[in-house]
Amino acid sequence: MKHTIQTSKLFEDKADLYASSRPMYPKELFDFIGSLSISKNEAWDCAAGNGQASVGLAKIFSKVEATDISKEQISNCFPAENVNYSVQPGESTSFKENQFDLVNVAQALHWFDYSKFWDEVRRVLKPNGVFIAYSYIWPSIDNNIDRILEEKIKAIIEPYWASNNKLAWDEYKALDFPFALMDTPKMDIRNNWNLNQFLDYIHTWSGTRRCMDDIGADFFESAKDEMLRAWGDPEQKKVVQNPLTIIAGSAW
């Protein structure tokens, strides 16, 4: 079973839950971005969602322009004095030529129309500017909880994912990346979450939401009950680890 997805609507549903329940990026990621040999005047966080990466970039760059196609995501953004949020598609923006030292894409590189997007990136990047994208994939806690997640949730929602997601799951290896690749570090996202926080995160997955819309939430409640038995005290915090894929390159 395959399902057509309107990307512009995909992340408007549950935007408030997305803002409160998605993993935050580690300090080490922004330390790496800060180490790049570029000016730190202005960055564009493209497809910023609610700004989880924007606020990290704001500690490095004097100004951050954060854009997203979803009005709902932008309305749930994380405020920062030097971050300007606006609703714009990544493929066509109002920005000036050679405006940015860095173009950043967090958890969204698999959603663009590349025939237009790469041209826009080249247009707005300064000479010697850097493009960077990163994405996290499946979470892991321990063998028992991971098994429940795999069998009781991931296997059920598998038909409801957009084909775009596979590009991220495969670490963008199939992406026709137009820039010279730079060396990037290996790192993970780690969050200390209780059971409800972990389940809220799984609920933000587009595959989960679309599956619930189609067949109801019984499968999710069943998985929740089994996961509770494996978790123990639901208020107990556990380390949730997501491997992070990072690709970067210079446009010139």
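The values are calculated or read from the model by the stated rules, or taken from the named source; none is laboratory data. Model, not experiment: these values are computed from the prediction. Here the Cβ is made from the backbone with ideal geometry for all residues, glycine too, and neighbour counts use every protein chain on show.
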Item to check | Of all residues making up the range 30-55, the number that are crowded, with 22+ Cβ neighbours inside 10 Å and either assigned to a loop (DSSP other than H, G, I, E, B) or touching a helix residue (DSSP H, G or I) at 6+ places or on another chain (Cβ under 9 Å) (or both) | outcome: 11
Item to check | Where a residue in the range 180-200 is surrounded by 15 or more Cβ atoms within 10 Å (Cβ to Cβ) and its partner, wherever it lies, is among the aromatic types (F, W, Y) and modelled with pLDDT of 95 or more, with Cβ under 7 Å and at least six apart | outcome: L195/W231
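Can you tell me which residues in the range 8-29 are at pLDDT 85 or above, surrounded by 20 or more Cβ atoms within 10 Å (Cβ to Cβ) and in a loop (DSSP other than H, G, I, E, B)? Before you say what the answer is, go through the steps one by one.
The first filter runs over the range 8-29 and keeps only residues at pLDDT 85 or above, leaving 24-29.
Okay, now just the ones that are also surrounded by 20 or more Cβ atoms within 10 Å (Cβ to Cβ), so 25, 29.
Correct list: Y25 only.
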Next on the checklist: If I filter the range 131-148 for residues that are touching a Pro at 6+ places or on another chain (Cβ under 9 Å), within 25 Å of Q73 (Cβ to Cβ) and of a type in the set (D, E), do I get at least one hit?
Outcome noted: no
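Take the range 100-139 and flag every residue that is hydroxyl-bearing (S, T, Y) and more than 10 Å from the chain's Cα centre (by Cα).
Going through the range 100-139, the residues hydroxyl-bearing (S, T, Y) turn out to be 114-115, 134-136.
Once the filter is applied, which keeps residues that are hydroxyl-bearing (S, T, Y) and more than 10 Å from the chain's Cα centre (by Cα), the range 100-139 yields Y114, S115.
For the range 48-60, give me each residue that is in contact with a Ser or Thr (Cβ under 9 Å, 6 or more places away or on another chain) and more than 17 Å from T93 (Cα to Cα).
Let us first name the residues in the range 48-60 that are in contact with a Ser or Thr (Cβ under 9 Å, 6 or more places away or on another chain), namely 48-50.
Across the range 48-60, the qualifying residue is only N50.
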Next on the checklist: For the list (1) without any contact (Cβ under 8 Å) to a residue 60 or more places away in the chain; (2) within 29 Å of K166 (Cβ to Cβ); (3) small (G, A, S), I need the number of the one condition that A47 fails.
Outcome noted: (1)
Checklist entry - Under the condition of being closer than 18 Å to Q52 by Cα and not small (G, A, S), which residue from the range 115-138 is surrounded by the fewest Cβ atoms within 10 Å (Cβ to Cβ)? => result I137
Item to check | Qualifying residues in the range 79-100 (those that are under 30 Å from W169 (Cβ atoms) and not small (G, A, S)) - the one surrounded by the fewest Cβ atoms within 10 Å (Cβ to Cβ) | outcome: V87
Checklist entry - Can you tell me which of A58, A66, A106 is modelled with pLDDT of 95 or more and in contact with a helix residue (DSSP H, G or I) (Cβ under 7 Å, 6 or more places away or on another chain)? => result A66
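Considering each residue of the range 110-135, count those that are without any contact (Cβ under 8 Å) to a residue 60 or more places away in the chain and in contact with a strand residue (DSSP E or B) (Cβ under 6 Å, 6 or more places away or on another chain), and give that number. Steps first, answer last, please.
Looking only at the range 110-135, we keep the residues that are without any contact (Cβ under 8 Å) to a residue 60 or more places away in the chain, and these are 113, 115-117, 119-120, 123.
Filter again for in contact with a strand residue (DSSP E or B) (Cβ under 6 Å, 6 or more places away or on another chain), leaving none.
The total comes to 0.
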Next on the checklist: I'm trying to understand the selection: among the residues of the range 204-249, which are under 30 Å from F32 (Cα atoms) and hydrophobic (A, V, I, L, M, F, W, C)?
Outcome noted: W205, V239, V240, L244, I246, I247, A248
Checklist entry - Considering only strands (runs of 3 or more DSSP E) fully contained in the range 76-169, which possess at least 3 residues that are within 23 Å of I246 (Cα to Cα) and aliphatic (A, V, I, L, M)? => result 100-106, 125-136
Item to check | From D176, D142, D170, residue being out of contact with any His (no Cβ under 9 Å at 6 or more places or on another chain) and farther than 21 Å from F112 by Cα | outcome: D142
Item to check | Residue in the range 202-220 that is nearest to I157 (Cα to Cα), counting only those that are small (G, A, S) and surrounded by 17 or more Cβ atoms within 10 Å (Cβ to Cβ) | outcome: G207
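Here are some residues: Q88, Q107. Which one is touching a strand residue (DSSP E or B) at 6+ places or on another chain (Cβ under 7 Å), in contact (Cβ under 8 Å) with a residue 12 or more places away in the chain and over 21 Å from L29 (Cα atoms)?
Q88
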Item to check | Those residues of the range 162-204 which are among the β-branched types (V, I, T) and farther than 17 Å from G249 by Cβ, in sequence order | outcome: I189, I202, T204
